[in-house]
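Have a look at the structure below, then the notes.
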Amino acid sequence: MKYLAYTRCEFLRGFRYRANYWATLGGAVILVVIQWSLWTAVYRNTGPIAGISLDSMISYAMMGRVVSGFLSEPVALPAVKRVWSGEIVHDLVKPADLHFQLLFQNLGNALFKLVSTGLPLLTVLGLMGVLKVPRLPVLAVFVVSMLMGYVTVFSTSFLSAVITFHTKSRVGIDHVYTVVELLSGMYFPLDFFPGWLRMVADFLPFKSIHYVPLGIWSGIIAPGAVASSLLHQLIWTILMVVASRILWSGAVRSLTIQGG
Amino acid sequence: MNSALMNRGLSHASRPDERDPVIVVEELTRHYRVRLDGEGFVEKVSRFFKPRYRYVKALDGVSFTIRAGESVGYIGLNGAGKSTTIKILCGVLVPTSGKVSVLGVEPFRHRTRNARRIGLMMGQRTQLLWDLPVRESFDLLGRIYDLSRETYRANRDRLVEALDIGDLMDTPARMLSLGQKTRCDLALTFLHDPAVVFLDEPTIGLDILAREKIRDFLKAEKKRGVTIFLASHDLDDLEIVTDRVILIHRGRILFDGSQEELRRVTGDSLGTLEDTVKRFYREAELG
């Protein structure tokens, strides 16, 4: 699969910046400590909150830190900047689809973050006994779910970038993303939401990014609900990729017809 | 051996005017719509709701045919329509009207198919991966163009030698000088054995020696049978590399013929191409 060549380049690119790497790792360690302290403090004098035990919560939050780089907002906006500056001409004159170019390029960046920051964290937390690795079938389902989470977070960013291209204005996109992070379950599980917000979050695609994979890992999503959660992910993943392709080809058409 | 190379070999043997046409452009026009900004506050606001446009004719009925193995210089002042022509031929811009065919296909309808057989280099832009060693850019393009391992290695090694970039392969692109970067970009442009290559000001900003290296390289590629379409403001480039020149002015073709013919038209048989073209502009009262 030739697109993996883009993944490789972007993966290797991560290793070019050593200072950046150590800063990222240091930041990740601090966030792990903060999250651990926060949840132990919250749970000090109480039993399960919204049906979630301290153990599950720690597992959700710590694994959240491990995969946060992999599932962080991708850098699709620079591509749109390239559109405006005309740099994209070179990318369009390649026998490769630009949407997939970006998807696989960004996958390289995500994998770099997972391997360079996530894996050391997972190892240390595992050795300390803070994180317990689930049984193999659960682990496999988690990986599949996390990959769908990746496509969702990429598509969210890509779609907003393409919409930005169509509206020629970036206002609003940046503000929306904070809400997306909240609805994705990045800060805490959706179980803590008030009922109406939970309904909204359950319908939207964004819970696919953090809540579903982490919920499966930590057991917050009950085994009986895993299948329907995966189905939700799958449907939205397909819808978002299809929407991306439609809007993207529209953008390319208007680029080639109007000349940018 | 791929079919593009074989075609090239065949056409190379025959006389120039009997070779297959590679690029056919007929009555090509391209208009750009420019939204007009109003004057004064009220007009600026009202134009938001009811925009008015001005139409710019970047290309206004351009026709030419380029046959396999030809090397053509495309001359024009800034804004004459050179880059627009190249973008249309590469398939990244749709013409407003007219016919275009590159190697038998309409580029904008078959952009990807077209992309496999053409090369594009823009002197002002780079396709090198900014922060990775040059080698990685070669590897990436080798994969993207689906080159077999042998073809890839052979082509890469040939170009590395021809452009003398062996010492640069392990350097990240961002640390290269402009001349080095240009040579690497040029090598990448020819990596997949394109039958036609479009070069938009390849020597812009380069010193005299760097320019000479690039001209020598292009002359050698021409001998190999690659069709070269070279747009440049550096007419020395064109004088040395190309046989035929096309002069475009405000979207129309003013001259299309060999350098000798252009000299005959202007009656300037001894001067450089630059002198000849200057005289041409003066006599046509365009300058």
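The values are calculated or read from the model by the stated rules, or taken from the named source; none is laboratory data. Keep in mind that what you see is a predicted model, and the values were worked out from it rather than measured. As a convention, Cβ positions derive from the backbone with ideal geometry for all residues, glycine included, and neighbour counts pool all protein chains shown. The area values use the complete protein model at the heavy-atom level, side chains included, leaving out ligands, DNA and RNA. Shrake-Rupley method; radii C 1.70, N 1.55, O 1.52, S 1.80 Å.
Some observations on this one:
- Beta bridges by DSSP in chain B, antiparallel share as percent, to the nearest 5: 60 percent
- Cα-based Rg of the range B:134-287 normalised by 2.2 N^0.38 Å, two decimals: 1.20
- When the residues A:Trp236, A:Trp248, A:Trp196 are ordered by accessible surface, computed with a 1.4 Å probe over the protein chains alone, the sequence from largest down reads A:Trp196, A:Trp236, A:Trp248.
- Charged neighbours of A:Ser72, selected by a Cβ distance under 11 Å, balance to -1 (K, R count +1; D, E count -1).
- Prolate/oblate/rounded label for chain A (Cα gyration tensor, a/c 1.5): prolate
- Area accessible to solvent at B:Arg52, 1.4 Å probe radius, in Å²: 140 Å²
- Of B:Lys87/B:Lys278; B:Lys87/B:Lys181; B:Lys181/B:Lys213, those spanning more than 19 Å from alpha-carbon to alpha-carbon: B:Lys87/B:Lys278; B:Lys87/B:Lys181
- The mean number of partner chain beta-carbon atoms within 10 angstrom of a residue's beta-carbon across peptide B:108-115 is 3.
- Kirkwood Rh, Cα atoms: Rg over Rh of the protein assembly as shown: 1.07
- In summary, the helical segments of chain A meeting the span-like criteria, namely a full DSSP H run, a Cα extent along the axis of 24 angstrom or more and a mean Kyte-Doolittle hydropathy of at least 1.6, are A:136-167.
- For the pair the range B:125-180 and the range B:219-275, the centres of their Cα atoms are 30 angstrom apart.
- Summed residue charge, Cβ within 15 Å of A:Leu197's Cβ, Lys/Arg positive, Asp/Glu negative: -1
- For the range B:141-280, the relative contact order works out to 17 percent when only alpha carbon pairs closer than 8 Å and six or more residues apart are counted.
- GluC sites (Glu not before Pro) lying in DSSP loop within the range B:24-120, provided at most 14 other Cβ fall within 10 Å: B:Glu39
- Rounded to the nearest 10 Å², the accessible area of B:Glu161 at probe 1.4 Å: 150 Å²
- The range A:7-166, relative contact order [Cα under 8 Å, separation at least 6], %: 37 percent
- Global geometry of the range A:136-219, whether rounded, prolate or oblate, following the gyration tensor of its Cα atoms and the 1.5 cut on a/c: oblate
- Shape call, the range B:17-160: gyration tensor on alpha carbons, a/c limit 1.5: oblate
- Counting Cβ atoms of other protein chains within 10 Å of each Cβ in B:76-89 and taking the mean gives 1.
- Each of A:Tyr3, A:Met62, A:Asn45 was scored by the projection of its Cα onto the charge dipole of the range A:1-63, and the greatest displacement toward the positive side belongs to A:Tyr3; charges sit on the C-beta of Lys, Arg, Asp and Glu.
- Positive-end residue of A:Tyr150, A:Val176, A:Phe206, charge dipole of the range A:125-219 with Cβ unit charges: A:Tyr150
- When nucleic acids and ligands are ignored and a 1.4 Å probe is applied, A:His175 ends up with an accessible area of around 140 Å².
- The residues neighbouring B:His31, those whose beta-carbon lies less than 12 Å from its own, together hold a net charge of +3 under the Lys/Arg +1, Asp/Glu -1 convention.
- Here r is the Cβ-Cβ distance between B:Arg47 and B:Leu178 and R0 is 30 Å; the resulting FRET efficiency, rounded to 0.05, is 0.10.
- Computed FRET value (nearest 0.05) for B:Glu150 with A:Phe15, which takes r as the C-beta separation and R₀ as 30 Å: 0.55
- Ranked by solvent-accessible area (1.4 Å probe, protein heavy atoms only, all chains present), the residues B:Asp193, B:Asp170, B:Asp216 order from largest to smallest as B:Asp170, B:Asp216, B:Asp193.
- Peptide-level mean, for A:28-40, of C-beta atoms on other protein chains within 10 Å: 0
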